[in-house]
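Below is one structure, written out as structure tokens, with a few remarks after it.
The values are calculated or read from the model by the stated rules, or taken from the named source; none is laboratory data. Predicted model, so just to flag it, every value in this text is computed and none were measured. Reconstructed Cβ throughout: ideal geometry from the backbone, glycine too, with neighbour counts over all protein chains shown.
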Amino acid sequence: MSQSSRDHHYAWWLIMCLCGVDYFSTLGYQPSIAFEGAGTLAPIATLVLVLVTLLGAYPVYSYVAGETPDGIGSIGMIERLVGGWSGKIGVLVLIGFAATDFVITKTLSAADAAAHLINNSLFAGGAPPWMQNQILVAMTLLLLLGGMFLKGYQEVVGLATILVAAFLSLSFVIVGSGLWYLFTHPALLQHWAGEIASGSYHLEHAPISGSGLLVAIGISCLIFPKLALGMSGFETGVLLIHLVRGTEAEPHNTQARIANTRKLLLVAAVIMSFFLLGSSLITGTNTLIPAEELQLEPVKGKAIDRALAYIAHGESPYPICPLFGPLFGTVYDISTILILWFAGASAMAGLLNMVPRYLPRYGMAPEWAAAYRPLVIGFTFINLLVTWAFSADVTAQGGAYATGVLVLMTSACIASLVHMQHEAQEGHDHSWSKRLAFALITLVFIYTTATNISERPDGIIIASIFIACVMLISFVSRIWRSQELRLKEFRFADDGARMLWTDICAEGAFRVLVPHRPGHRSLDEKEAEIRRRHRIPADVPIVFLEVHYGDTSEFQNAPIISVRQEGDRFIIVARDVASVSHTIAQIAMEMTKTGTPLDVVFGWSQGSSVKLALEFLLFGQGDIPNVVVDLLDKSVADPARRPTVIVG
């Protein structure tokens with residue numbers, strides 16, 4: 001992330017607009033997807049979706065915001081709850097799903113923006129044929145977005161605010177006019193109610209047979225996961241919490257920042273709920289838009305991927321509003337194209353916040369992956385590749401998008417529930433009724449995710465490709481970087497340990513360092529053998545080093561140092577280390593800075609070379625002496641200043 005992005009904080013409604021370009025822009029394609037999945041039950045299924053959003057997604061992400069004011073989101077919560085390699089693997093899998101969500105957000109939005117553009121009558125009549133290629137238009141929009149993002153967050157947030165205000169204003173005119181027309185012409189709503197009562201849902205396969213209101217509600221509850229794209233945007237909201245201003249006087253005020261983030265999530269959810277319900281009523285009732293115009297077979301309907309634009313252009317068989325026609329429709333198309341194109345901005349912001357936070361410090365990405373501009377360029381290239389692979393088809397990408405969104409939401413539910421349970425066990429005030437409510441929300445999202453995956457397996461296939469790529473690149477990078485020095489810092493158990501450590505390093509009198517594994521034999525026995533084998537005189541002091549493992553899946557090493565003295569002998573103890581080899585090399589280099597190079601004396605490492613190599617990569621153990629030699633050779637260029645490793 002750029003320096004400018006770290007130094008700026010914005011009012012909550014500005015960040016809401018940045019998240020909203022993802023969330024609100026789904027109105028460009030959500031109504032037609034809702035009809036495709038639910039037929040004329042779309043309004044009822046959308047009502048279920050809205051209830052799940054307001055009573056499920058919002059409370060969960062409100063809790064996540066309260067626990068992650070640093071912007072780590074639900075993935076960071078899971079990382080904190082599950083340590084070691086199992087936690088790292090879990091985070092990598094979720095990053096794969098998040099990458100699916102964010103990347104497909106950009107490519108699907110660009111594809112739908114291209115569909116709006118090439119279906120506009122003025123554009124189709126005036127543009128040359130080569131400019132009416134949907135793939136070319138989508139790729140051009142993605143390139144422009146990447147170019148704008150290279151300028152940083154400040155310009156992106158400002159433009160997002162303008163786009164969201166314009167798009168929502170025009171959408172309100174369309175939805176409001178449509179609702180007014182429906183309610184002033186009750187025969188249309190009666191026609192829709194009659195179809196529902198008779199069981200004419202315009203669905204290929206209804207999960208329940210029969211007719212009547214209860215059957216319609218039952219079907220809607222079962223099929224609402226197909227409308228899950230209407231819940232996107234929550235994860236991005238908590239990932240960008242670090243950009244939210246606390247107060248004017250104290251932008252970094254944590255509690256105010258959390259409160260403002262919760263406010264932006266709630267306001268965005270309420271606004272979107274209105275538009276989802278309103279748009280489903282005017283587009284999904286087989287009234288203002290005939291059902292055949294929202295179906296792919298036998299002929300692709302004119303309202304596919306552009307249901308609200310269909311009404312805005314005055315293509316409805318009913319005179320909804322005198323404003324609607326080619327001119328108003330073109331203005332609406334422009335606003336829709338811009339917000340769909342710009343929806344990638346919030347997704348890009350999420351990726352730029354997530355990747356540097358995890359992969360580089362895991363050792364699972366090159367160091368330049370934490371840089372802002374290379375990330376923007378890399379993600380833009382991936383977007384172009386995905387757009388080409390899907391031929392910029394909106395429908396083809398819907399399954400992958402919904403899968404990414406729902407898996408992240410489900411992980412947020414599980415992380416919140418587990419975290420709440422841990423806090424309750426520690427005596428914090430979380431009532432059983434609140435935990436029960438979160439458990440029910442979690443079950444709803446598990447059902448929603450499982451249903452979506454089973455009915456649209458292409459989503460999990462695409463997500464699996466992203467996960468496999470993340471895993472492969474991550475582990476190759478970890479192996480490649482395994483012999484970097486990777487010291488983060490020396491920590492000290494107390495001030496006394498810091499003073500003794502400083503004295504040992506400053507005096508330069510200790511020239512023999514012996515790594516010692518406690519429990520095998522006493523220090524007296526170890527010292528006697530070392531002096532005998534290596535002919536070290538009794539007047540030459542020896543410093544023993546004990547190393548105790550911490551989380552060996554961590555890449556950066558930050559040992560906690562303590563020092564004790566037993567007679568004339570000093571024992572340095574390093575705890576919470578990620579790698580034994582790196583810790584020994586780092587301590588040896590530090591002790592050599594003010595004196596002649598010391599000798600590091602080892603015993604032999606037992607075991608096959610393959611076993612030792614795997615132990616080193618995964619657990620920081622293995623052939624320790626050889627690794628220490630390699631680390632010292634790479635880190636200390638002058639052989640005269642390099643500690644000597646002796647194995648015997």
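Residues in segment 378-392 that are in a helix (DSSP H, G or I), touching a helix residue (DSSP H, G or I) at 6+ places or on another chain (Cβ under 7 Å) and loosely packed, with under 14 Cβ neighbours inside 10 Å: 388 alone.
If you go through segment 359-377 and pick out every residue that is modelled with pLDDT of 75 or more, over 20 Å from residue 149 (Cβ atoms) and assigned to a helix (DSSP H, G or I), you end up with 1. For segment 200-218, the condition of being within 25 Å of residue 31 (Cα to Cα), touching a Ser or Thr at 6+ places or on another chain (Cβ under 6 Å), at pLDDT 85 or above and crowded, with 21+ Cβ neighbours inside 10 Å holds for at least one residue.
Within segment 277-284, is there a residue that is assigned to a loop (DSSP other than H, G, I, E, B) and in contact with a helix residue (DSSP H, G or I) (Cβ under 8 Å, 6 or more places away or on another chain)? Before you say what the answer is, go through the steps one by one.
Step one: filter segment 277-284 for residues assigned to a loop (DSSP other than H, G, I, E, B), giving 284.
From the residues that got through so far, the ones that are in contact with a helix residue (DSSP H, G or I) (Cβ under 8 Å, 6 or more places away or on another chain) too are 284.
Yes, segment 277-284 contains at least one residue that is assigned to a loop (DSSP other than H, G, I, E, B) and in contact with a helix residue (DSSP H, G or I) (Cβ under 8 Å, 6 or more places away or on another chain).
Contact annotation: no residue pair with Cβ atoms under 6 Å, 6 or more positions apart or on different chains, pairs a residue in segment 449-460 that is in contact (Cβ under 8 Å) with a residue 12 or more places away in the chain with a partner that is not in a helix (DSSP H, G or I).
Restricting to segment 32-46, and then to whatever is within 21 Å of residue 190 (Cα to Cα) and under 28 Å from the mean Cα position of the chain (by Cα), can you tell me which residue is modelled with the lowest pLDDT?
If we take residues in segment 32-46 being within 21 Å of residue 190 (Cα to Cα) and under 28 Å from the mean Cα position of the chain (by Cα), then 34 is modelled with the lowest pLDDT.
One residue is enough: does segment 558-581 have a residue meeting the conditions modelled with pLDDT of 85 or more and either in contact with a Cys (Cβ under 6 Å, 6 or more places away or on another chain) or of a type in the set (Phe, Trp, Tyr) (or both)? Yes, segment 558-581 contains at least one residue that is modelled with pLDDT of 85 or more and either in contact with a Cys (Cβ under 6 Å, 6 or more places away or on another chain) or of a type in the set (Phe, Trp, Tyr) (or both). Could you please let me know if residue 103 is buried (at least 22 other Cβ atoms within 10 Å of the Cβ) and more than 30 Å from the chain's Cα centre (by Cα)? No; evaluated as a whole, the condition is false for this residue.
For the condition without any contact (Cβ under 8 Å) to a residue 60 or more places away in the chain and out of contact with any Phe, Trp or Tyr (no Cβ under 6 Å at 6 or more places or on another chain), what is the one hit in 177, 198?
198
When the residues of segment 421-443 are filtered to those that are within 24 Å of residue 90 (Cα to Cα) and at pLDDT 90 or above, the one that is nearest to the chain's Cα centre (by Cα) is 442. In this structure, residue 350 qualifies as at pLDDT below 75, in the same structural domain as residue 89 (by TED's automatic domain parsing) and among the small types (Gly, Ala, Ser). Residues that are within 26 Å of residue 20 (Cα to Cα) and in contact with a Ser or Thr (Cβ under 8 Å, 6 or more places away or on another chain) within segment 280-296 comprise 280, 283, 284, 294, listed in sequence order.
Counting the residues of segment 289-327 that are free of Cβ contacts under 8 Å to residues at least 60 places away in the same chain and assigned to a helix (DSSP H, G or I) gives 4.
Do we have residue 195 as buried (at least 17 other Cβ atoms within 10 Å of the Cβ) and more than 28 Å from the chain's Cα centre (by Cα) here? Lay out the reasoning, then the answer.
On the way: buried (at least 17 other Cβ atoms within 10 Å of the Cβ): yes; more than 28 Å from the chain's Cα centre (by Cα): yes.
Taking the combined requirement at face value, the residue satisfies it.
At least 1 residues being surrounded by fewer than 19 Cβ atoms within 10 Å (Cβ to Cβ) and touching an Asp or Glu at 6+ places or on another chain (Cβ under 6 Å) is the threshold, and among the strands (runs of 3 or more DSSP E) wholly inside segment 520-585 those reaching it are 560-566.
Within segment 225-284, the set of residues being buried (at least 24 other Cβ atoms within 10 Å of the Cβ) and among the hydroxyl-bearing types (Ser, Thr, Tyr) comprises 232, 236, 261, 279, 280, 283.
Only one of the numbered conditions (1) assigned to a helix (DSSP H, G or I); (2) at pLDDT 80 or above; (3) of a type in the set (Val, Ile, Thr); (4) over 22 Å from residue 361 (Cα atoms) is not met by residue 610, and that is (2). Output yes when any residue across segment 222-230 is within 30 Å of residue 352 (Cβ to Cβ), in the same structural domain as residue 76 (by TED's automatic domain parsing), at pLDDT 85 or above and of a type in the set (Phe, Trp, Tyr), and no when none is. Within segment 222-230, none of the residues are within 30 Å of residue 352 (Cβ to Cβ), in the same structural domain as residue 76 (by TED's automatic domain parsing), at pLDDT 85 or above and of a type in the set (Phe, Trp, Tyr). Can you find a residue in segment 216-230 that is touching a residue at least 60 places away in the same chain (Cβ under 8 Å), assigned to a loop (DSSP other than H, G, I, E, B) and either in contact with a Gly (Cβ under 7 Å, 6 or more places away or on another chain) or among the small types (Gly, Ala, Ser) (or both)? Taking every residue of segment 216-230 in turn, none turns out to be touching a residue at least 60 places away in the same chain (Cβ under 8 Å), assigned to a loop (DSSP other than H, G, I, E, B) and either in contact with a Gly (Cβ under 7 Å, 6 or more places away or on another chain) or among the small types (Gly, Ala, Ser) (or both). When each of 66, 71 is tested for being under 30 Å from residue 9 (Cβ atoms), surrounded by fewer than 22 Cβ atoms within 10 Å (Cβ to Cβ), at pLDDT 85 or above and not acidic (Asp, Glu), the lone residue that passes is 66.
Within segment 549-565, residues that are assigned by TED's automatic domain parsing to the domain that holds residue 523 have Cβ atoms under 9 Å from residues that are in a strand (DSSP E or B) and aromatic (Phe, Trp, Tyr) in these pairs: 560/492; 561/492; 562/492; 563/492; 563/570; 564/570, counting only partners at least 6 apart in sequence or on another chain. Give the residue that is surrounded by the fewest Cβ atoms within 10 Å (Cβ to Cβ), with candidates limited to residues of segment 393-403 that are more than 16 Å from the chain's Cα centre (by Cα) and not polar (S, T, N, Q). Only one residue tops the list, namely 396.
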